[in-house]
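Chemist: The structure's right below; bear with me while I get my questions together.
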Amino acid sequence: MVLLINPSSRQWNEEMLYGLFNTEEAELIKTIPLSSEASEDVLFLKMEDELPNEPQEVTNDEKQLWNGIWSMRVPPKVKTLLWRACREAIPTMSALFHRTISTDSLCVRCHANSEDSKHALWSCPDLDSVWSDMELWSFRFLV
Ligand SMILES: [Zn+2]
């Protein structure tokens, strides 16, 4: 991580981030808060529960969801983002808190709710301007 974090300013090294990752990923990485104190790299990801021996049964709703996402006429990176959001696999504050990387799960934009994928991409009040076309996104508050 030493290459990705400027050791003197304790900020993300944006030149390295944008050089190593695509813009979307670099932007997401930049949202990860950094400690103000330098410390040695530590592997935070731990194996949670063991994987079940038998594959979990996929419900019809899940099949419909995955089929809907993978059949969308959008760039593959959009499908991947949606898939990751549905699996809570994007670095939201809630995910970082769950992995003990952050001490707080609150949304850094609105400071009013825990930031899970749905909140980060869809329901945060600070995103109102993004989803402002009420005709197109009128179902926003029904989800
Ligand atoms: Zn928010």
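Chemist: Can you find, within the range 110-143, the residue that is surrounded by the most Cβ atoms within 10 Å (Cβ to Cβ) among those that are more than 18 Å from C86 (Cα to Cα) and in contact with a strand residue (DSSP E or B) (Cβ under 8 Å, 6 or more places away or on another chain)?
Modeler: N113
Chemist: Based on this model, can you work out whether M47 counts as over 17 Å from A120 (Cβ atoms), touching an Asp or Glu at 6+ places or on another chain (Cβ under 8 Å) and at pLDDT below 90? Steps first, answer last, please.
Modeler: Numbers: over 17 Å from A120 (Cβ atoms): yes; touching an Asp or Glu at 6+ places or on another chain (Cβ under 8 Å): no; at pLDDT below 90: yes.
No.
Chemist: Additional query: Return a yes/no flag: does the range 66-76 have any residue that is surrounded by 10 or more Cβ atoms within 10 Å (Cβ to Cβ), within 13 Å of the chain's Cα centre (by Cα) and more than 17 Å from I29 (Cα to Cα).
Modeler: No; the residues of the range 66-76 include none that is surrounded by 10 or more Cβ atoms within 10 Å (Cβ to Cβ), within 13 Å of the chain's Cα centre (by Cα) and more than 17 Å from I29 (Cα to Cα).
Chemist: List the number of the failed condition for I69; all other conditions in (1) in contact with a Lys or Arg (Cβ under 6 Å, 6 or more places away or on another chain); (2) modelled with pLDDT of 95 or more hold.
Modeler: (2)
Chemist: Within the range 89-106, can you find the residues that are within 16 Å of the ligand (Cβ to nearest atom), assigned to a loop (DSSP other than H, G, I, E, B) and either free of Cβ contacts under 8 Å to residues at least 40 places away in the same chain or surrounded by fewer than 15 Cβ atoms within 10 Å (Cβ to Cβ) (or both)? Outline the logic, then answer.
Modeler: The first filter runs over the range 89-106 and keeps only residues within 16 Å of the ligand (Cβ to nearest atom), leaving 90-97, 102, 104-106.
Filter again for assigned to a loop (DSSP other than H, G, I, E, B), leaving 90-92, 102, 104-105.
The answer is T92, D104, S105.
Chemist: Take the residues in the range 79-88 that are assigned to a helix (DSSP H, G or I) and over 21 Å from D126 (Cα atoms), then tell me which one is nearest to the chain's Cα centre (by Cα).
Modeler: Filtering the range 79-88 down to residues assigned to a helix (DSSP H, G or I) leaves 79-86.
Subsequent filtering for residues that are over 21 Å from D126 (Cα atoms) retains 79-80, 83-84.
On the way: K79: 14, T80: 12, W83: 11, R84: 8 Å.
Among those residues, the one meeting the criterion is R84.
Chemist: While we're looking at this one, here's another question. Can you tell me which residue is farthest from the ligand (Cβ to nearest atom) among those in the range 107-125 that are among the charged types (D, E, K, R) and either part of a loop (DSSP other than H, G, I, E, B) or over 20 Å from E88 (Cα atoms) (or both)?
Modeler: The first filter runs over the range 107-125 and keeps only residues among the charged types (D, E, K, R), leaving 109, 115-116, 118.
Next cut, either part of a loop (DSSP other than H, G, I, E, B) or over 20 Å from E88 (Cα atoms) (or both) only: 109, 115-116.
Numbers: R109: 4, E115: 6, D116: 10 Å.
Among those that are among the charged types (D, E, K, R) and either part of a loop (DSSP other than H, G, I, E, B) or over 20 Å from E88 (Cα atoms) (or both), it is D116.
Chemist: Can I ask one more? Among the residues of the range 5-15, count how many are surrounded by 15 or more Cβ atoms within 10 Å (Cβ to Cβ) and either at pLDDT below 85 or outside any loop (DSSP other than H, G, I, E, B) (or both).
Modeler: We begin by selecting, within the range 5-15, every residue surrounded by 15 or more Cβ atoms within 10 Å (Cβ to Cβ); these are 5-6, 12-13.
Imposing the further condition that a residue be either at pLDDT below 85 or outside any loop (DSSP other than H, G, I, E, B) (or both) reduces the set to 5-6, 12.
Count: 3.
The values are calculated or read from the model by the stated rules, or taken from the named source; none is laboratory data. Here the structure is a predicted model, which is why all the values come from computation and not from measurement. Note that each Cβ is placed from the backbone with ideal geometry, even for glycine, and that neighbours are counted across all protein chains shown.
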